[in-house]
């Protein structure tokens, strides 16, 4: 099955942030994984720069986890590199046409964020506004549901 080349590389919606330096983060988008991959951006609010970005990734068959979530990787980056706890994390998912969709943290990521005091620093973009990605009643991720059913 061949895909329309215009659909494979749609123009990606940019984050509605005023940044000092425009960072090209288009390499984290893949048309084949956009329904699954969750992107993250670590933003330094005072310097108005993107410090790190990436996306969630699956783990191999011989691994004890199914995947590493975007929040986990962003929190790990912040714990290592942000000693003053200033950085903010933005998570989201691109649709196949390149639009940003909101993504909310799963139960395990919400617990991790609370454990390391990130619950007020993880956001998602919903209808053009940044809202907290940590909800009051987070869902269990699909990977955890599948793992526990097996």
Q | Failed item in (1) modelled with pLDDT of 80 or more; (2) part of a loop (DSSP other than H, G, I, E, B), with residue 3 passing the rest | A | (1)
Q) When you look at residue 33, is it surrounded by fewer than 18 Cβ atoms within 10 Å (Cβ to Cβ), under 13 Å from the mean Cα position of the chain (by Cα), more than 21 Å from residue 132 (Cα to Cα) and at pLDDT below 90, yes or no? A) no
Q.
Checking residue 97 against (1) surrounded by 16 or more Cβ atoms within 10 Å (Cβ to Cβ); (2) under 29 Å from residue 10 (Cβ atoms); (3) at pLDDT below 90: exactly one of these is not met. Which one?
A. (1)
Q. Does residue 72 meet the test of being free of Cβ contacts under 8 Å to residues at least 12 places away in the same chain and out of contact with any helix residue (DSSP H, G or I) (no Cβ under 6 Å at 6 or more places or on another chain)?
A. no
Q: Return only the number of the condition from (1) farther than 18 Å from residue 96 by Cα; (2) over 17 Å from the mean Cα position of the chain (by Cα); (3) touching a residue at least 12 places away in the same chain (Cβ under 8 Å) that residue 11 does not satisfy.
A: (1)
Q | Enumeration of residues in the range 18-42 that are without any contact (Cβ under 8 Å) to a residue 60 or more places away in the chain, farther than 17 Å from residue 67 by Cα and touching a helix residue (DSSP H, G or I) at 6+ places or on another chain (Cβ under 6 Å) | A | 42
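Looking at 75, 68, 50 in this structure, which one is crowded, with 19+ Cβ neighbours inside 10 Å and under 13 Å from the mean Cα position of the chain (by Cα)?
After ruling out the rest, the residue left standing is 75.
Rundown of residues vs (1) over 20 Å from residue 25 (Cβ atoms); (2) touching a strand residue (DSSP E or B) at 6+ places or on another chain (Cβ under 8 Å), yes/no style:
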site	(1), (2)
71	no, yes
85	yes, no
92	no, yes
99	no, no
115	yes, no
122	no, yes
Q. Are any residues in the range 87-120 in contact (Cβ under 8 Å) with a residue 40 or more places away in the chain and outside any strand (DSSP E or B), and if so, which ones?
A. 87, 95, 96, 97, 98, 99, 103, 109, 112, 113, 116, 118
Q) Within the range 36-47, which residues are under 16 Å from the mean Cα position of the chain (by Cα) and assigned to a loop (DSSP other than H, G, I, E, B)? A) 36, 37, 38
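The values are calculated or read from the model by the stated rules, or taken from the named source; none is laboratory data. Here the structure is a predicted model, which means the values were calculated and not measured. Cβ coordinates were reconstructed from backbone atoms using ideal geometry, including for glycine residues, and neighbour counts include every protein chain displayed.
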